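Worksheet for the structure shown next.
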Amino acid sequence: MSTVSAQSGFFLPDTLVQEYFQEDPTPSMLFIPSGNDNVWVNFDSDQAPGLCVADDDTPQGWYWESDLGFINPDETDNFAFTSCSFLDLPSPQSHNHNWLIISPIFIPDTTYWLCWRSLAFQGPMYLDGYKVVVSRASNDPFSGDFTDTIFQAAQMISPVSTIGSLQLSAYNYSPGYIHANGYTNTDYFFLDETNPTAPFYRGRLEPHTVSLKDYAGQTIYLAFLHDSEDDNLIQVDDILISNNLTTGVAAPSDIRDFRILGNPSRQNAYFSWSLQTAQETRLDIVNQNGQLMLEKTFARQQEQQFHANIRAWEPGIYYCTLQTPNGRATGRLVKI
């Protein structure tokens, strides 16, 4: 059963929203917002047909599809929500506006975070961008109430030199975050050589976290707005709004903070940390019997985010350790 409705009795006290897209959520969504809806809205405000599906019509608005981070879709059992910006309209009328608007959420205090994963299907050429925006008043995109942009992913605007180049310098981009840390973090992209014209970088789902502390004590509407112009495809997955568990940090240490989000959890856990300086880090997770469940090393960076799928793990308490050359932080993850 989809968990697309927010803040129902299904959720744990510290989790306000969780949507994993393992089933198609569109039947439970509205397609036009009224301004004060209490369910999710999937709104295609540009109303232009897409050209992203070969030999078939692309569904308008957001649509359910298998994880695009695999060349062969049969290799994955993961699904995500997809949006197309390659539209059947001439420029400059081809600007895409697909809104995925979450039902209203009351943010109890400053400890809550928004977590999600996203991918840009193609890059660096035809890189899709999107925004995460917030309204305190209504869920109507035409009201002007979505005033706050809390995350922005860059899109490719135009080529500067060689068409089909894999160098970022060959293109102009809008402001915002470029997927996979500017195509330097190979965990979140790979080279796709199946394109008959030129190879390109194909995205894998990358985790993101944003604090919602500025909305403590308020009810908000939050939306994923895919607003690229004439690019390709994006996906979002594993949307979570959850309480932050900040763990103790042993001193001396260069770890400024270490967060475990989505805790307790049935399926997903997000990890986020920042350091005083860029360092290599290692995350170890063991169960109550001391069995190592996950061990992952991360390249030198000052800030990192990581998503773990824990669906197959047994219910219980798991002990998480973040290690750097100069310190460590520890915390507990509860699987239910």
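Can you tell me how many residues within region 293-330 are closer than 16 Å to Asn268 by Cα and either surrounded by 17 or more Cβ atoms within 10 Å (Cβ to Cβ) or under 22 Å from the mean Cα position of the chain (by Cα) (or both)?
Residues flagged as closer than 16 Å to Asn268 by Cα and either surrounded by 17 or more Cβ atoms within 10 Å (Cβ to Cβ) or under 22 Å from the mean Cα position of the chain (by Cα) (or both) within region 293-330 amount to 13.
Among the acidic types (Asp, Glu) and modelled with pLDDT under 95: does that describe Asp238? Break it down stepwise before answering.
Numbers: among the acidic types (Asp, Glu): yes; modelled with pLDDT under 95: no.
Against the criterion (among the acidic types (Asp, Glu) and modelled with pLDDT under 95), Asp238 does not qualify.
May I ask you to verify whether Thr82 is closer than 25 Å to Ile241 by Cβ and more than 19 Å from the chain's Cα centre (by Cα)? Even if it seems obvious, please write down each step before you answer.
Numbers: closer than 25 Å to Ile241 by Cβ: yes; more than 19 Å from the chain's Cα centre (by Cα): no.
Taking the combined requirement at face value, the residue does not satisfy it.
Each row is one residue, and each column tells you yes or no for (1) in contact (Cβ under 8 Å) with a residue 40 or more places away in the chain; (2) under 17 Å from Trp116 (Cα atoms).
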site	(1), (2)
Thr186	no, no
Ala216	yes, no
Glu229	yes, no
Ser242	yes, yes
Pro264	yes, yes
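Surrounded by fewer than 23 Cβ atoms within 10 Å (Cβ to Cβ), of a type in the set (D, E, K, R), touching a residue at least 60 places away in the same chain (Cβ under 8 Å) and not in a helix (DSSP H, G or I): which single residue out of Arg202, Arg256 fits that description? Full working, then the answer.
Details: Arg256 fails: touching a residue at least 60 places away in the same chain (Cβ under 8 Å).
Going through Arg202, Arg256 in turn, the sole match is Arg202.
Any residue at all in region 93-107 that is assigned by TED's automatic domain parsing to the domain that holds Ala48 and without any contact (Cβ under 8 Å) to a residue 60 or more places away in the chain? If you could, list the steps in order and put the result at the bottom.
Applying the first criterion (assigned by TED's automatic domain parsing to the domain that holds Ala48) to region 93-107 yields 93-107.
With the extra rule that they be without any contact (Cβ under 8 Å) to a residue 60 or more places away in the chain, the set shrinks to 93.
Yes: one or more hits.
Check region 42-49 and report whether any residue there is touching a helix residue (DSSP H, G or I) at 6+ places or on another chain (Cβ under 8 Å), in contact (Cβ under 8 Å) with a residue 60 or more places away in the chain and either assigned to a loop (DSSP other than H, G, I, E, B) or within 20 Å of Tyr221 (Cα to Cα) (or both). Walk me through it before giving the result.
Of the residues in region 42-49, the ones touching a helix residue (DSSP H, G or I) at 6+ places or on another chain (Cβ under 8 Å) are 42-43, 45.
Those left that are additionally in contact (Cβ under 8 Å) with a residue 60 or more places away in the chain: 43, 45.
Filter again for either assigned to a loop (DSSP other than H, G, I, E, B) or within 20 Å of Tyr221 (Cα to Cα) (or both), leaving 43, 45.
Within region 42-49 (the criterion being touching a helix residue (DSSP H, G or I) at 6+ places or on another chain (Cβ under 8 Å), in contact (Cβ under 8 Å) with a residue 60 or more places away in the chain and either assigned to a loop (DSSP other than H, G, I, E, B) or within 20 Å of Tyr221 (Cα to Cα) (or both)), the answer is yes, since at least one residue qualifies.
So Thr297 fits all but one of (1) hydroxyl-bearing (Ser, Thr, Tyr); (2) within 25 Å of Arg202 (Cα to Cα); (3) touching a residue at least 60 places away in the same chain (Cβ under 8 Å); what number is the exception?
Unmet condition: (3).
Could we say that Ile285 is buried (at least 18 other Cβ atoms within 10 Å of the Cβ), in contact (Cβ under 8 Å) with a residue 24 or more places away in the chain, in a strand (DSSP E or B) and not assigned by TED's automatic domain parsing to the domain that holds Val132 here?
Details: buried (at least 18 other Cβ atoms within 10 Å of the Cβ): yes; in contact (Cβ under 8 Å) with a residue 24 or more places away in the chain: yes; in a strand (DSSP E or B): yes; not assigned by TED's automatic domain parsing to the domain that holds Val132: yes.
Yes, satisfied.
The values are calculated or read from the model by the stated rules, or taken from the named source; none is laboratory data. Since this is a predicted model, take the numbers as computed values, not measurements. Please note: Cβ atoms are built from the backbone with ideal geometry, for glycine as well, and neighbour counts cover all protein chains shown.
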